[in-house]
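Read-outs: derived from the displayed coordinates by stated rules, not from any lab. Fair warning: this is a prediction, and the values are worked out from it, not measured in the lab. Glycine gets a Cβ as well: all are built from the backbone with ideal geometry, and neighbour counts include every protein chain shown.
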Amino acid sequence: MEFKEKLISSYLAFEEGLDLTDTVHETRANALKIFEEKGFPTKRDEAWKCTSLEALIQQDYSIFPKSEISIELKDVKKYFLYDTDTYKVIFIDGVYSPFLSNTTHDGLDVCLMSAALSKPKYRKLINTYFNKIAVAEESLTALNTSYAKEGAFVYIPKKTVAEKPIEIIHFSSGDEAALWLQPRNLIVVDENSQVQIIERHQSLKEHPVVTNSVTEIYVHKEAYVDYYKLQNDLTTASLIDNTYIVQEENSHASVHTFSLGGKLIRNNLRYFHKGERILSTLKGVTILEGKQHVDHSTLVHHSQPNCESHQDYKGIFSERSEGVFNGQILVDKIAQKTNAFQQNNNILLDDKATVNSKPQLEIFADDVKCSHGCTIGQMDEEALFYLRTRGIPKKEAKALMTYAFANNVLESVQLPSLKKRINGQIARKLGVNLGFDL
Amino acid sequence: MLTIENLHAQVEGKAILKGIDLDVKAGEVHAIMGPNGSGKSTLSSVVAGNEDYEVTQGKILLKGNDLAELDAEERAHLGIFLSFQYPVEIPGVTVTNFIKTAINANRKAKGLEDMPASTLLKKIREKAKLLDIDSKFLSRSLNEGFSGGEKKRNEIFQMAMLEPSLAILDETDSGLDIDALKIVANGVNKLKGKDNAVVVITHYQRLLDYIVPDFVHVLFDGKIVKSGTKELAHELEAKGYDWIKELA
């Protein structure tokens, strides 16, 4: 049986134990219809030309996680943000781990999607936001919605600054032969509020795992969301990350995506504006080797005047790794005085590494400032020679230049301990110790 | 210090250096002058170990060590320093972090521990003062947005920090106004001593009023066609390079 058929036929089993009269369930059933109709995207879809899921979906996966897998804290502690106190919502093979988590309902809600979906006190929030931010027609999102049950739920009420960052971590234990995970996160940040979130997906053992994740983020007036995606997984793990953000006036939503490891990663990051004077920031650093593949597909839809968006993605590719960047900026006729900037710079360290970069600007307003730039190049030999004449060995010189290249993305990381950690990860990846943090 | 014997070098199959002999002793300052395209910058690149150039004949020895098989960084560890005519901009790396990395890389090559931060900072302050460099300048990205004068001053600052045995200054005077030229020359003069040597590569005699050479060589078409003392530089200034071409 094809995996698609399995997903559809297993739905009845999934429904057991769920309240079928619930409006959420109607949403799920509708989503399944969309997925059934559309199926997995193929290379014939324009948006998936450079990334093929075919090899992934030819395998079979377990879609119902076994419950009660326990992991010792000492085995996963290194994946947490050390030296910073955080809220934690931790899952193992898709199942919530109360032991590893640190949730709260004190002044803000950092808890489980399953709780939000079932408890009456969250009903209004769920009805207002669940599957309302996502583009419901996208087939992978529809697939996620149809099985949406667990994930992180965050609600920051008005005029509240979340004092601790929130870590959302999905571990896969490797106890299943092959695992297909579909976490669903909803984050609502009310007026004048602030939150910082770190999300990662991590396999603990080499085993095939595919995560098809959907995160919906609603940013109300004057609110600020600072979101970090750490993608540094094993080469047996693949991730399709679908993140949708709706922003209201005077809000700022920033997403940093660090793609440092994994088999296949696709980041669908979509921004929608519902007010003026919005700032949207999208940044990414991708460093790959082996046969890894990372595809960043971004959309910023400027549908209101006086808004600003900044996209800055850097990629460093060695061996046979592949990078894709597809950056879409849409500026509606009404969205005058839009400032939209996009930059995608890549370095290829080996002849066999490839990058496909495609800026896609569709501008219907006449009084706007939009720019895009894309470079694909090799390491600057002259600069390398300059560093080497100062006694810096070739390998360190290359690392230093790689750091320098990625630096303007790193420097906007607001959490010092996270910045240090990413610096360390990049240094380890490059096999050097530069002795300082940039 | 530096001995060059019958050096021939080419780039992309084109011969640039066609038999250079040069002997620089510790404590000496040599100037290499010549018209554009005579091979001055090639000579400095070849000595520093630029892999774009291929040495086809001859030898370069530093303190008796044959440099033929050594990479640029290994030559630096032996004590060669090249001040670039066009220093490369490296956004994202501050001057201080760059110098720290360079110093510790050189120490590591000598089997020494990293320089303690306090010693390093003291040294940075001392050398920055010598070259009239503002401390704000040290936290800027290396050469990024620097004026011509700032770039050259930064080169000499690096030289001061690294304390090389042999400093090659490639067109250090280009792009400098007279005040900057004096500061740079003054820096070089303070750094030179009986144990190190300086090779100044320049088109014009101007810099040699401030860094006074013991010997002047004239390079033309890949060969040294005339050598002399500092008076030769004045002669070149007065007569231009045309008469040199007849010597070749």
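Points to keep in mind about this one:
- Helix axis angle, A:394-410 relative to chain A longest principal axis, alpha carbon, degrees: 50
- Annotation for residue A:10 and residue B:12: the two label points, set 7 Å from Cα along the Cα-Cβ direction, are 5.9 nm apart.
- For the stretch B:151-239, diffusion coefficient by Stokes-Einstein and Kirkwood Rh (Cα), 10 °C, 1.306 mPa s, µm²/s: 116
- Candidate lysines - alpha carbon under 20 Å from residue B:192, same-chain residues fewer than 8 apart omitted: B:25, B:63, B:123, B:127, B:129, B:152, B:182, B:230
- Entry note: the protein assembly as shown has Rg to Rh equal to 1.09, where both radii use alpha-carbon atoms and Rh is the Kirkwood radius.
- By the count of neighbouring beta-carbon atoms within 10 Å, fewest first, B:18, A:77 end up ordered A:77, B:18.
- The ellipsoid equivalent to the alpha-carbon distribution of chain B has semi-axes of 29, 21, 16 angstrom, derived from the gyration tensor eigenvalues as √(5λ) and listed largest first.
- For the stretch A:3-275, the antiparallel share of DSSP beta bridges with both residues in that region comes to about 10%.
- Residue B:109 versus residue A:77: modelled label distance in nm, points set 7 Å from Cα along the beta carbon direction: 4.2
- Calculated [θ] (222 nm, deg cm²/dmol) that DSSP helices of n ≥ 4 give over the protein assembly as shown, each run adding -39,500 (n - 2.57): -8000 deg cm²/dmol
- Label zone (residue A:420, point 7 Å along Cα-to-C-beta; backbone nitrogen cut-off 16 Å) within the stretch A:158-193: A:165.
- Alpha-carbon centroid distance for the pair the stretch B:210-231 / the stretch A:246-304, whole angstrom: 60
- Computed E for residue A:341/residue B:209 - FRET, C-beta separation, R0 45 angstrom, nearest 0.05: 0.35
- Centre-to-centre, using Cα atoms only, the stretch A:325-348 and the stretch A:172-239 are separated by 24 Å.
- Projected onto its three principal axes, the C-alpha set of the stretch A:3-275 covers 48, 41, 39 Å, listed from the longest axis down.
- Evaluated at q = 0.20, 0.21, 0.26, 0.28 Å⁻¹, the base-10 log of the normalised Debye intensity for the stretch A:385-438, with identical point scatterers placed on the Cα atoms, takes the values -0.69, -0.74, -1.02, -1.13.
- Once the Cα gyration tensor of the stretch A:20-172 is diagonalised, semi-axes √(5λ) in Å: 29, 22, 16
- Take the convex hull of the alpha carbons in the stretch A:162-280; its mean projected area over all directions comes to 6.8 nm².
- As a proxy for reagent exposure, ranking A:64, A:153 by other Cβ atoms within 10 Å from fewest up yields A:64, A:153.
- Going from the residue with the fewest nearby Cβ atoms within 10 Å to the one with the most, A:138, A:167, A:26 rank A:26, A:138, A:167.
- Pair residue A:369, residue A:59: separation of 7 Å Cα→Cβ label points (nm): 4.7
- Cross-link reach list, aspartates and glutamates versus residue B:108, counting only Cα pairs under 18 Å and skipping chain neighbours closer than eight places: A:396, B:71, B:73, B:74, B:163
- Kirkwood hydrodynamic radius of the stretch B:111-196, from the reciprocal of the average inverse Cα-Cα distance over all distinct pairs: 13.7 Å.
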